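> Before I ask anything, let me first share the structure, which is written out below as structure tokens.
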Amino acid sequence: MKIKVLGSSAGGGFPQWNCNCRNCDGVRKGTLKATPRTQSSIAVSDNGTDWLLVNASPDILTQIAANRELQPARRPRDSGIAAVLTIDAQIDHVTGLLMLRERDTPLPLYVTDPVWQDLSTGFPITSILAHYCKVERHRIALDDGPLAIPALQKTRIEALPLTSKAPPYSPHREAPERGDNIGLVFTDTATNKRVFYAPGLGAMEPHVYEAMANADLILVDGTLWTDDEMIRLGLSKKTGADMGHLAQSGAGGMIEVLDSIDRPGARKVLIHINNTNPILVEDGPERRLLAGHGIEVASDGMAFEL
Ligand code: MLT
Ligand code: MN
Ligand code: ZN
């Protein structure tokens, strides 16, 4: 199984267009040791040719241009993106669907029912695409066993309901529904290696912990270092918890959770990193602390083979 990180940043990207926090300003000016990142997306393949796009970021066109395997050019109109799955209906995970409208066949889209509801009402992308390439709806039913995605013959895909948050525009924002947010476990059926992916994870629950603890590659919510980071910087009124993200530092934080997992050879990688997060500073103390805990920070283009 091959995993490619297309975008390792949270919504807004890094640097964010209107942000002058220390990180965004420093990376823009070149005064900080940090690397720009596009918004949250990965691609998964078992043959290196047909890819499942997991989350369609607003930066998808930049990501396709940067990852030539997504444009194999076998026909006059072609794509390595065989199907798309979105783990929620958040703007940073779905807006890129609009950029795929030039397809000459309907777009296979795998989402849960609550996400489909948001994408056909509050942010009616699926209705809009009905006038372009059209969407071929595939339902992710949470209690129905592994997902069958024809492009990934040798990969078992399981969806787990998570505690995180539906988007601000959704009626589910303050009235959560099971399936507003999911995590994914990909298992290579030949090597039996497993990947856990959850860029938005607001709270640890036993079924989520079990999936994480049994993974050989953990790609997990790295949005914020501290829960009130954006408030302290005067950039937002929202905490990480308000947005459905578990911070890294402190008691009960993601570092502590990851520390309790000791699967031999497992890689622990933070993804969906907000531009305010000090772990983006490559020679900073937070990054050193993570390294001391054996935790990596995802960057765009990072590739894994399991
Ligand atoms: C989130 O992960 O909380 C959202 O994507 C934030 C956003 O929409 O920018
Ligand atoms: Mn996000
Ligand atoms: Zn910023």
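The values are calculated or read from the model by the stated rules, or taken from the named source; none is laboratory data. Please read all numbers here as calculations on a predicted model, not as lab measurements. All Cβ positions, glycine included, derive from the backbone under ideal geometry; neighbour counts span all protein chains shown. Please note that ligands, DNA and RNA were not included when accessible areas were found on the heavy atoms of the full protein model with its side chains. Shrake-Rupley method; radii C 1.70, N 1.55, O 1.52, S 1.80 Å.
> Filter the range 91-125 for residues that are part of a helix (DSSP H, G or I), open to solvent by less than 50 Å² (accessible area, probe 1.4 Å) and over 17 Å from residue 166 (Cα atoms) and give the result.
Passing the criteria: 96, 97, 98, 100.
> Of everything in the range 161-176 that's assigned to a loop (DSSP other than H, G, I, E, B) and under 25 Å from residue 146 (Cα atoms), which residue is most open to solvent (accessible area, probe 1.4 Å)?
It comes out as 176.
> Let me ask something else about it. Suppose the filter is more than 16 Å from ligand 3 (Cβ to nearest atom), open to solvent by 30 Å² or more (accessible area, probe 1.4 Å) and either within 21 Å of the chain's Cα centre (by Cα) or closer than 20 Å to residue 280 by Cβ (or both); does residue 1 pass it?
Judged against the criteria, residue 1 is not a match.
> Please verify whether the range 250-272 includes one or more residues that are in contact with a Ser or Thr (Cβ under 7 Å, 6 or more places away or on another chain), buried (at least 16 other Cβ atoms within 10 Å of the Cβ) and farther than 25 Å from residue 31 by Cα.
The answer is yes; a qualifying residue exists.
> Name the residue that is nearest to residue 75 (Cα to Cα), counting only residues in the range 126-148 that are among the hydrophobic types (A, V, I, L, M, F, W, C) and assigned to a loop (DSSP other than H, G, I, E, B).
133
> Still on this structure: Return yes or no: is residue 179 under 19 Å from residue 167 (Cα atoms), open to solvent by less than 10 Å² (accessible area, probe 1.4 Å) and not in a loop (DSSP other than H, G, I, E, B)?
No: the conditions fail for residue 179.
> Let me spell it out: the conditions are (1) open to solvent by 40 Å² or more (accessible area, probe 1.4 Å); (2) within 16 Å of ligand 1 (Cβ to nearest atom), and residue 57 meets all of them except one. Which number is the exception?
(1)
> So, one more: Among 49, 31, 35, which is more than 16 Å from ligand 1 (Cβ to nearest atom), modelled with pLDDT of 95 or more, within 20 Å of residue 282 (Cα to Cα) and in contact with a strand residue (DSSP E or B) (Cβ under 9 Å, 6 or more places away or on another chain)?
When all the criteria are applied, what remains is 35.
> So which residues in the range 193-229 are within 16 Å of ligand 3 (Cβ to nearest atom), open to solvent by 30 Å² or more (accessible area, probe 1.4 Å) and of a type outside the set (S, T, N, Q)?
Hits for the range 193-229 are 225, 228.
> Tell me, which helices (runs of 4 or more DSSP H) wholly within the range 188-247 include 3 or more residues that are modelled with pLDDT of 95 or more and within 12 Å of ligand 1 (Cβ to nearest atom)?
Ranges flagged: 240-243.
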